[in-house]
Amino acid sequence: MSTAEPHPLLVVVSGPSGVGKDAMLARVRELRPEVFWAITATTRAMRPGEEHGVHHLFHTREEFLELLERGELLEHAEVYGNLYGVPKAPVREALAEGRDAIVRTDVQGAASIRALAPEALLIFVAPPSLEELERRLRSRDTESAEETALRVETSRQEMRDAAWFDAVIVNETGGLEEAAHEVIAFIERERQRVPPRVARL
């Protein structure tokens, strides 16, 4: 029985705020260091412990709009008053080199990429329950009560969007390792897909 030749994938990982995407993807990155990890450009303020070019590409609103005007963003969206977008060129280069490329974005961004590149593999990271998600959001204590309430309501809306993703992976409380391995296993299965998913950006 012949095995399909693996092809590089454009993988989009999304999910509601507070679901633990960053921690889970950090573990995936440790397990799959050869994968290209797209860095998101944003106009939001840098948080304590973050570095430009590592966690995000931090830009002024004017700089971001210039990138957008030049057509240099794979997707862009405004979330909670801040602009976010993924630069196209590095993703294209990684795919051309035969490397899987993983993009972390919000649900709006995932929808934009699906419209631009229908072949992209979309993974939704979900909490075990909305109640647990709300508990995680409130325990972070990084936003005001009003901002947290807005994130909770937005998360409820985003959970309904999970239906149009290719896979939904639940990040159980204390189950980060299992979720990371589930993401990797799903990507590996899709890399053997016939016909292959070939994203054209």
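A few comments on the model shown:
- Of every Cα-Cα pair in the chain, the percent that sits beyond 29 Å: 22
- Of the trypsin sites (Lys or Arg not before Pro) in segment 162-201, the ones in a loop by DSSP (not H, G, I, E or B) with at most 11 other beta carbons within 10 Å are Arg200.
- Under the convention that each Lys and Arg Cβ holds +1 and each Asp and Glu Cβ holds -1, the size of the dipole of the chain around its Cα centre is about 360 debye.
- Judged by the ratio a/c of the largest to the smallest principal axis of the C-alpha gyration tensor, segment 1-111 counts as prolate, that ratio being 1.5 or greater while a/b is larger than b/c.
- With every protein chain in place, the chain: carbon and sulfur % of accessible area (1.4 Å): 52
- Of every Cα-Cα pair in segment 15-54, the percent that sits beyond 14 Å: 62
- Ellipticity estimate at 222 nm from DSSP helix runs (n ≥ 4, -39,500 (n - 2.57)) divided over the chain, nearest 500: -12500 deg cm²/dmol
- Note: relative contact order over segment 41-143, using C-alpha pairs below 8 Å and six or more positions apart, is 19 percent.
- When the charge dipole of segment 25-140 is built from unit charges on Cβ atoms (+1 for Lys and Arg, -1 for Asp and Glu) and taken about the Cα centre, the candidate among Ala111, Tyr80, Val91 whose Cα reaches farthest toward its positive end is Tyr80.
- Highest to lowest packing among 93-105, 51-63, scored as the average C-beta count within 10 Å: 93-105, 51-63
- Net charge dipole, segment 93-194: roughly 180 debye, given to the nearest 20, about the Cα centre with Cβ charges of +1 for Lys and Arg and -1 for Asp and Glu.
- Here the dipole of segment 1-84 is about 360 debye; that uses its Cα centre as origin and unit charges on the Cβ of Lys and Arg (positive) and Asp and Glu (negative).
The values are calculated or read from the model by the stated rules, or taken from the named source; none is laboratory data. In this text, all values refer to a predicted model and were calculated from it rather than measured experimentally. Heads up, the Cβs are rebuilt from the backbone with ideal geometry, glycines too, and the neighbour counts pull from every protein chain shown. We work out accessible area using only protein heavy atoms, side chains counted, and drop any ligands, DNA or RNA first. Shrake-Rupley method; radii C 1.70, N 1.55, O 1.52, S 1.80 Å.
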